[in-house]
1. Could you run through segment 47-66 and say how many residues are in a loop (DSSP other than H, G, I, E, B) and either of a type in the set (A, V, I, L, M) or farther than 21 Å from residue 119 by Cβ (or both)?
2. May I ask you to list pairs of residues, at least six apart or on different chains, whose Cβ atoms are under 8 Å apart, with the first in segment 139-154 being at positive phi and the second being modelled with pLDDT under 95 and part of a loop (DSSP other than H, G, I, E, B)?
3. Looking at (1) more than 23 Å from residue 194 (Cα to Cα); (2) surrounded by 20 or more Cβ atoms within 10 Å (Cβ to Cβ), which is the only condition residue 47 fails?
4. Name the residue, out of 109, 5, that is buried (at least 23 other Cβ atoms within 10 Å of the Cβ), under 30 Å from residue 202 (Cβ atoms) and touching a residue at least 40 places away in the same chain (Cβ under 8 Å).
5. Taking segment 160-208 on its own, how many of its residues are part of a loop (DSSP other than H, G, I, E, B) and touching a Lys or Arg at 6+ places or on another chain (Cβ under 9 Å)?
6. In this structure, is residue 209 of a type in the set (Ser, Thr, Tyr), surrounded by 15 or more Cβ atoms within 10 Å (Cβ to Cβ) and touching a His at 6+ places or on another chain (Cβ under 6 Å)?
7. For segment 158-169, does any single residue satisfy the condition of being in contact with a helix residue (DSSP H, G or I) (Cβ under 9 Å, 6 or more places away or on another chain) and touching a residue at least 60 places away in the same chain (Cβ under 8 Å)?
Amino acid sequence: MGGMVSYRRPDGKDGKGYLAEPAHGTPAPGVVVIQEWWGLNDQIKGVADRLASAGYRALVPDLYRGKVALAANEAEHLMTNLDFGDAAGQDVRGAVRHLKGSGSPKAGVTGFCMGGALTVLSAVNVPEADACVIWYGFPPLEYVDASKISAPLMGHWAVEDVPFPISKVDELETRLRGANVKFEFHRYQAKHAFANETADSKNLPIIQYDPAAAALAWQRTMEFFGRTLG
């Protein structure tokens, strides 16, 4: 269903990513999918394939430039060395522009864990994005200039999240409300990474797959993208 493509970043450098296309050939809305801290692995490609099956052109930027982590210490190392501003303002923005410039009338952004944090930053720094869905991740809130956010947001948050405490989600809500951002946040009685079907295989006590929460969050996401991206 998908394969690797190259695209141009705003700074003129080349980005690469995994692009999954829907079966029908008509112009389809696009969604940029941002990886967890593990990298561009089969699980996140599967998310893109799922979106393509639902009728979207889904592009996953390769933020780690070909590297993929199998263990948490490797993932932490790769994430720590990632320039988040460059990833959001160049890789993700270039991917959104690529989708819109190659046949997608509208394009949204979604991301998980680290990618959720980058989705928040993309809402601030990618004005071309038409809608954003955040999955259990946010950046340091001082980097969130909510006055620059014009796209509607949806957020899926885990009440039992350790890496991204729910109290900070409350703070993010206050920040967004103060800038009159259109958003809807949903909270789930679950742990971090509840929508990642491979979470339990990582042997990390702070993450756990929750099929019921994942199904509900996906249903809400599809309805939201249906409304905002058409």
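1. Total satisfying the criteria: 3.
2. Between residues of segment 139-154 that are at positive phi and residues that are modelled with pLDDT under 95 and part of a loop (DSSP other than H, G, I, E, B), there is no close pair.
3. Single failed check for residue 47: (1).
4. The conditions single out 109.
5. Residues meeting the conditions: 10.
6. The answer is no for residue 209.
7. no
The values are calculated or read from the model by the stated rules, or taken from the named source; none is laboratory data. Here the structure is a predicted model, which is why all the values come from computation and not from measurement. In this analysis, Cβ positions are derived from the backbone assuming ideal geometry, glycine residues included, and neighbour counts consider all displayed protein chains.
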